[in-house]
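Visitor: What follows is a structure written as structure tokens; I'll ask about it next.
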Amino acid sequence: MITRWHFVRHAPVATLREAGAVVYDTHDEPADVSDTPAFQALAGFLPKNAVWVTSPLMRAVQTADAIADAGLAPAERLADERLAEQHYGAWHGMTMEALKATLAGRPRHKTWFTTAADQPPGGESFVTQAARVRAAMDQLTARFAGRPIVAVAHGGTIRAALAHALGIDLDRALTISVDNLSTTRIDHVPGEGIGGDWRLVYTNRRAG
């Protein structure tokens, strides 16, 4: 009854990249799904007959559509808002220069732009995001026990999933790199024994 999660980070968001912005969250910008070979590689790499669950945000839905169009059909597909990206509120769309000015005097993170507990004005902290991702993973694992799950989501979502699986500090989880169109596999292994119920098989892996 091992449940294998295959987390795929969505395709890049071209509009924000062109604008020089570094923060994007629950705003519904479209993904750039023009990299046909990448989607063909994912379609050949991800498991067949899997349950697909996506963030409801456009960039995740479009990425899932592009994988399906490349030849991989889901056995079942649903959207779950708990897998959405962290809501950065007033920080959305900021350049690095503007963000640094805004964060002056706030707690600093060594490799991220703020700490896990820091809450943007009008947004949510990574701590809050991680709690909803954890709840989604536990509930969907129970619902689809023993079946492969393909989850098309976001960098923050995948970091939160890794923190849950490995039991690591959330500020430490923010140091994990998650590339666009990379896959992270996390298995749920039920039963007795020490070591926890989750195992990490690989992270940030490109298909092909």
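Visitor: For region 119-146, give me the residue count where each residue is touching a strand residue (DSSP E or B) at 6+ places or on another chain (Cβ under 7 Å), surrounded by 17 or more Cβ atoms within 10 Å (Cβ to Cβ) and over 16 Å from A79 (Cβ atoms).
Guide: Of the residues in that region, 1 qualify.
Visitor: Just to be sure, is A116 crowded, with 16+ Cβ neighbours inside 10 Å, within 17 Å of the chain's Cα centre (by Cα) and assigned to a loop (DSSP other than H, G, I, E, B)?
Guide: yes
Visitor: Would you point out the residue of region 105-131, among those that are modelled with pLDDT of 90 or more and small (G, A, S), that is farthest from L162 (Cα to Cα)?
Guide: Residue satisfying both the conditions and the ranking: G122.
A quick yes/no check of all residues on (1) within 26 Å of A90 (Cβ to Cβ); (2) of a type outside the set (K, R); (3) not in a helix (DSSP H, G or I):
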residue	(1), (2), (3)
T128	yes, yes, no
A165	no, yes, no
T184	no, yes, yes
G196	no, yes, yes
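Visitor: Quick one: in region 147-165, which of the residues that are closer than 18 Å to R77 by Cα and hydrophobic (A, V, I, L, M, F, W, C) is surrounded by the fewest Cβ atoms within 10 Å (Cβ to Cβ)?
Guide: Of everything passing the filter in region 147-165, I149 is surrounded by the fewest Cβ atoms within 10 Å (Cβ to Cβ).
Visitor: Are there any pairs, at least 6 apart or on different chains, whose C-beta atoms fall under 7 Å, with the first in region 81-95 and at positive phi and the second loosely packed, with under 15 Cβ neighbours inside 10 Å and not small (G, A, S), and if so, which?
Guide: The qualifying pairs are G89/P121.
Visitor: Let me confirm something: among I186, I194, I176, I168, which residue is touching a Phe, Trp or Tyr at 6+ places or on another chain (Cβ under 8 Å) and either within 25 Å of K48 (Cβ to Cβ) or among the aliphatic types (A, V, I, L, M) (or both)?
Guide: That would be I186, the only listed residue that is touching a Phe, Trp or Tyr at 6+ places or on another chain (Cβ under 8 Å) and either within 25 Å of K48 (Cβ to Cβ) or among the aliphatic types (A, V, I, L, M) (or both).
Visitor: Filter region 48-61 for residues that are in a loop (DSSP other than H, G, I, E, B) and either under 18 Å from the mean Cα position of the chain (by Cα) or without any contact (Cβ under 8 Å) to a residue 60 or more places away in the chain (or both); which is nearest to V127 (Cα to Cα)?
Guide: Within region 48-61, the match that is nearest to V127 (Cα to Cα) is S55.
Visitor: Here's another thing I want to ask about it. Could you please let me know if A136 is in a helix (DSSP H, G or I) and on the phi < 0 side of the Ramachandran plot? Don't jump to the end; show me each part of the working.
Guide: On the way: in a helix (DSSP H, G or I): yes; on the phi < 0 side of the Ramachandran plot: yes.
Against the criterion (in a helix (DSSP H, G or I) and on the phi < 0 side of the Ramachandran plot), A136 qualifies.
Visitor: Would you say A64 is at pLDDT 95 or above, in a loop (DSSP other than H, G, I, E, B), of a type outside the set (V, I, T) and within 16 Å of G155 (Cα to Cα)?
Guide: no
Visitor: Between A153, A161, which is within 27 Å of F39 (Cα to Cα) and touching a Leu at 6+ places or on another chain (Cβ under 6 Å)?
Guide: The conditions single out A153.
The values are calculated or read from the model by the stated rules, or taken from the named source; none is laboratory data. No experiment lies behind these values; they were computed from the predicted model shown. A quick note on method: Cβ atoms are made from the backbone with ideal geometry, for glycine too, and the neighbour counts reach across all protein chains shown.
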